[in-house]
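To start, the structure itself, in structure tokens.
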Amino acid sequence: MFAGIAVVIFVPASWTMRLIGLTVIGGLAIFRAVAEIRSYPDWIQTVMPVLIAISIGIFTAISESSLLNTLALFNCLRVAFADTRRTLIYTLAATAVALIVPALIHPDALGVRAIIWLVVLPAICFPIQNRSETVRARIGLNAKLAAVLADLLTSDNARRSIVNAAHELGDADIAVIFERTRDGDIRAAAAYGADTDQILVLPDDSSAIGMSLTNREIVFAPFVESVDLDLPPGFADRGIKSLISCPIMRDGEAIAALCVGWTKRVRRGDRVDPTVVKILAAEAAATIDHSDLLLQLVDTAATDPLTGLPNRRAWDRLLQTGLLESRQVEKPLSIAILDLDHFKRFNDSRGHQAGDRLLREAAAAWKDALRKDDMIFRWGGEEFTVILPHCDREQSIEVAERLRSATPGDQTSSAGVSTWNGSESAESLFARTDAALYQAKESGRDQTVTSGNPSN
């Protein structure tokens with residue numbers, strides 16, 4: 001601003017022209033600053049530097065002074081540092097007109113200098129604009145990264161949060177965390193833009209994943225087709241053009257790798273995308289450890305120590321989830337309550353250790369007799385509850401009978417089953433099932449009773 005004032009003051013012209021120039025150009029500059037502060041529409045902020053450039057051209061033609069070309073430089077630099085590429089292009093185009101027209105009017109005084117400025121201005125402004133855009137992106141990224149890293153510590157699935165963050169912050173098209181299995185294979189533990197069940201890398205893999213894990217170093221390929229590097233499974237069919245794989249380190253060892261790919265070109269140094277991946281990979285080890293510890297604590301709190309089955313705490317949570325899924329997919333859901341017959345008498349006659357052993361054996365036998373998606377819980381004492389997804393009334397009776405027939409030893413069991421009516425609460429569904437179990441026990445035990453649907 002002050003440099004512009006000085007240039008206008010020292011232009012070899014009458015004081016009237018200087019005052020007019022200072023008023024017009026200075027006024028436009030002030031209005032431009034106000035437009036940025038008050039967040040005026042983008043088109044207004046784009047028009048301001050263009051009008052400044054045209055004003056400079058007009059006063060250059062009148063004064064016949066090349067000194068105003070310096071003011072054009074300040075205007076273009078201001079745009080390069082603070083505005084978008086589109087605004088810079090418009091400003092440079094207006095500046096070119098402001099240089100060419102006066103040069104045509106005064107070729108001897110302004111011709112050569114106009115040609116020099118036409119070459120110099122784009123050569124200076126475009127690199128500055130690129131670097132400034134990157135710096136602004138990094139500044140904005142820091143706040144986002146801080147928020148993401150804070151959220152990672154409270155996430156119930158850190159791996160999923162990390163790959164999602166790589167997509168959101170790094171603008172990645174695919175992001176996968178690879179971890180070694182107990183068998184030594186490398187398998188996807190979490191992924192964005194890919195199916196983890198279909199991604200398995202062999203131990204002798206020569207891709208970026210294997211190199212990251214083996215050499216404990218970052219592998220960055222801005223042009224994947226120009227390097228001798230195999231794309232990891234799941235990446236090859238996505239048209240990935242740039243890729244980075246960062247090892248996730250713990251105690252000096254690479255325990256996993258965060259691999260991220262883009263369908264666009266990503267170059268080191270002029271884009272923020274690889275930096276995001278490096279930061280996320282650096283934070284991933286501690287975050288995953290923290291998440292795994294929390295999951296272990298949750299599992300411990302929701303697991304019955306005697307049978308190893310999920311307990312009543314887990315039942316409450318998973319039944320609600322099951323009812324929600326049943327409504328969404330419009331498939332039936334049933335539940336069952338199993339009760340070992342005469343368990344108190346068994347305990348009294350054979351002792352508590354034998355009773356505990358019976359509970360463990362029954363839990364194991366019933367778990368093995370269930371379908372893949374069924375879930376069994378220890379409700380308390382000798383009672384067990386079962387969630388039967390995609391199971392109607394007839395199927396639930398069939399499953400309950402199969403469970404009862406698997407009761408170990410010479411013991412028998414009773415069961416009550418109910419099918420959700422699609423609208424009742426979890427408490428109401430459980431109460432119906434409990435009533436059916438009570439009826440089974442009152443009717444002589446060793447049988448399955450199903451409840452009717454309640455009125456809606």
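The values are calculated or read from the model by the stated rules, or taken from the named source; none is laboratory data. Keep in mind the model is a prediction, meaning the values are calculated, not measured. Note: ideal-geometry Cβ built from the backbone for every residue, glycine included; neighbour counts use all protein chains shown.
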| query | What is the one condition in (1) farther than 23 Å from residue 127 by Cα; (2) at pLDDT below 75; (3) assigned to a helix (DSSP H, G or I) that residue 102 does not satisfy? | reply | (2)
| task | Among the numbered conditions (1) assigned to a helix (DSSP H, G or I); (2) more than 24 Å from residue 441 (Cβ to Cβ), tell me where residue 344 comes up short. | result | (2)
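So, of the residues in region 345-382 that are touching a residue at least 60 places away in the same chain (Cβ under 8 Å) and more than 21 Å from residue 323 (Cβ to Cβ), which turns out to be surrounded by the fewest Cβ atoms within 10 Å (Cβ to Cβ)? Before you say what the answer is, go through the steps one by one.
Here is the first cut: in region 345-382, the ones touching a residue at least 60 places away in the same chain (Cβ under 8 Å) are 346, 375-380.
Applying the additional criterion that residues be more than 21 Å from residue 323 (Cβ to Cβ) yields 346, 380.
Values: 346: 17, 380: 11.
That would be 380.
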| remark: Taking region 308-341 and keeping residues part of a loop (DSSP other than H, G, I, E, B), in contact (Cβ under 8 Å) with a residue 12 or more places away in the chain and over 19 Å from residue 380 (Cβ atoms) leaves 331, 332
| request: Scan region 233-247 and give yes if some residue there is farther than 19 Å from residue 171 by Cα, in the same structural domain as residue 180 (by TED's automatic domain parsing) and either in contact with a His (Cβ under 8 Å, 6 or more places away or on another chain) or of a type in the set (A, V, I, L, M) (or both), otherwise no. | output: no
| Candidates 329, 276 - the one that is under 20 Å from the mean Cα position of the chain (by Cα) and either aliphatic (A, V, I, L, M) or at pLDDT 90 or above (or both) | 276
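Of the residues that sit in region 168-180 and are modelled with pLDDT of 80 or more and not acidic (Asp, Glu), which one is surrounded by the fewest Cβ atoms within 10 Å (Cβ to Cβ)?
First, the residues of region 168-180 that are modelled with pLDDT of 80 or more: 172-179.
Going one step further and asking which of them are not acidic (Asp, Glu), we end up with 172, 174-178.
Working: 172: 28, 174: 22, 175: 24, 176: 29, 177: 27, 178: 31.
So the residue we want is 174.
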| remark: Restricting region 407-447 to residues that are at positive phi and out of contact with any Ser or Thr (no Cβ under 7 Å at 6 or more places or on another chain), the one modelled with the highest pLDDT turns out to be 444
| task | Would you mind stating whether residue 193 is in contact with a strand residue (DSSP E or B) (Cβ under 9 Å, 6 or more places away or on another chain), modelled with pLDDT of 80 or more and surrounded by fewer than 22 Cβ atoms within 10 Å (Cβ to Cβ)? | result | yes
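Which residue, of 448, 385, 433, is crowded, with 19+ Cβ neighbours inside 10 Å, polar (S, T, N, Q), touching a Phe, Trp or Tyr at 6+ places or on another chain (Cβ under 8 Å) and under 28 Å from residue 306 (Cβ atoms)? So that I can check it myself, show each step before the final result.
On the way: 448 fails: touching a Phe, Trp or Tyr at 6+ places or on another chain (Cβ under 8 Å); 433 fails: touching a Phe, Trp or Tyr at 6+ places or on another chain (Cβ under 8 Å).
Matching residue, one of 448, 385, 433: 385.
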| Residue check, residue 400 against (1) farther than 21 Å from residue 320 by Cβ; (2) of a type in the set (A, V, I, L, M); (3) in contact with a helix residue (DSSP H, G or I) (Cβ under 6 Å, 6 or more places away or on another chain), all met but one. Which one? | (3)
| said: Can you go through 113, 136 and tell me which one is basic (Lys, Arg) and either modelled with pLDDT under 80 or out of contact with any Ser or Thr (no Cβ under 6 Å at 6 or more places or on another chain) (or both)? | reply: 136
